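Here the structure is laid out as structure tokens; the discussion comes afterwards.
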Amino acid sequence: MSDLTVIYYTANKISAHFAAHTMRYLLASIGDSPLITVSQVPMTFGENICVGDIGVSTRNIYRQALLGARRATTTYIGMAEDDTLYAPTHFQYRSNSGLFAYNRNTQSIFTWTRPATFS
């Protein structure tokens, strides 16, 4: 049994094609860790909490993440955004109890800019 629950949160605004790829990659990366999905449209991906169409905002991102975290029963939780690919090592790190850790080792491709921007 894993000591980590992964919370996948989404506003369900990315394309179904892209979402299918990120979800498949996430499942491969989390192994046997439980998965809780907090979405604005009902999903059959992990244990789903559907909050309804509450809109896209920073506040709602944190609201959805908190709902998932409250449902988790494991010692640790790992957050997963719907538009991000995570390597298995992302979910292997454990911080000291009671602390928050953020993985800043990321690479991003902003495809909505012209030309696309990599950082």
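The values are calculated or read from the model by the stated rules, or taken from the named source; none is laboratory data. Predicted model only: the values in this text are computed from it and were never measured. In this analysis, Cβ positions are derived from the backbone assuming ideal geometry, glycine residues included, and neighbour counts consider all displayed protein chains. Side chains are part of the model used for accessible areas, which takes the heavy atoms of the whole protein and leaves out ligands, DNA and RNA. Shrake-Rupley method; radii C 1.70, N 1.55, O 1.52, S 1.80 Å.
Here are some notes:
- Qualifying residue in the range 87-107 (condition: within 21 Å of Ala11 (Cα to Cα) and of a type outside the set (Val, Ile, Thr)): no
- Filtered by the rule that a residue be surrounded by 14 or more Cβ atoms within 10 Å (Cβ to Cβ) and closer than 20 Å to His90 by Cα, the range 12-24 gives Ala19, Thr22, Met23.
- Whichever residue in the range 1-11 is assigned to a loop (DSSP other than H, G, I, E, B) and within 12 Å of the chain's Cα centre (by Cα) and, among such residues, is surrounded by the fewest Cβ atoms within 10 Å (Cβ to Cβ): Ala11
- Among residues of the range 39-61, those that are open to solvent by 70 Å² or more (accessible area, probe 1.4 Å), within 23 Å of Tyr25 (Cα to Cα) and among the hydroxyl-bearing types (Ser, Thr, Tyr), counted: 1
- Among residues of the range 76-110, those that are assigned to a helix (DSSP H, G or I) and surrounded by 15 or more Cβ atoms within 10 Å (Cβ to Cβ), counted: 2
- On inspection, Thr73 passes the criterion of being assigned to a loop (DSSP other than H, G, I, E, B) and over 17 Å from Ala19 (Cα atoms).
- Condition broken by Leu66, with the remaining ones in (1) open to solvent by 60 Å² or more (accessible area, probe 1.4 Å); (2) at pLDDT below 95; (3) over 17 Å from Thr84 (Cβ atoms) satisfied: (2)
- Tabulated pairs, the range 1-25, first farther than 17 Å from Cys50 by Cβ, second assigned to a strand (DSSP E or B) and open to solvent by 50 Å² or more (accessible area, probe 1.4 Å), C-beta under 8 angstrom, 6+ apart or interchain: Asp3/Tyr76; Leu4/Tyr76; Leu4/Ile77; Thr5/Tyr76; Thr5/Ile77; Val6/Ile77; Val6/Met79
- Cross-chain or 6+ apart pairs with Cβ under 8 Å, the range 46-60 first and on the phi < 0 side of the Ramachandran plot, then exposed (fewer than 14 other Cβ atoms within 10 Å of the Cβ): Asn48/Pro42; Cys50/Val41; Cys50/Pro42; Asp53/Val41; Val56/Lys13; Asn60/Ile54
- All positions within the range 18-50 that are out of contact with any Pro (no Cβ under 8 Å at 6 or more places or on another chain), closer than 18 Å to Thr75 by Cα and either in a loop (DSSP other than H, G, I, E, B) or charged (D, E, K, R) (or both): Asp32, Ser33, Pro34
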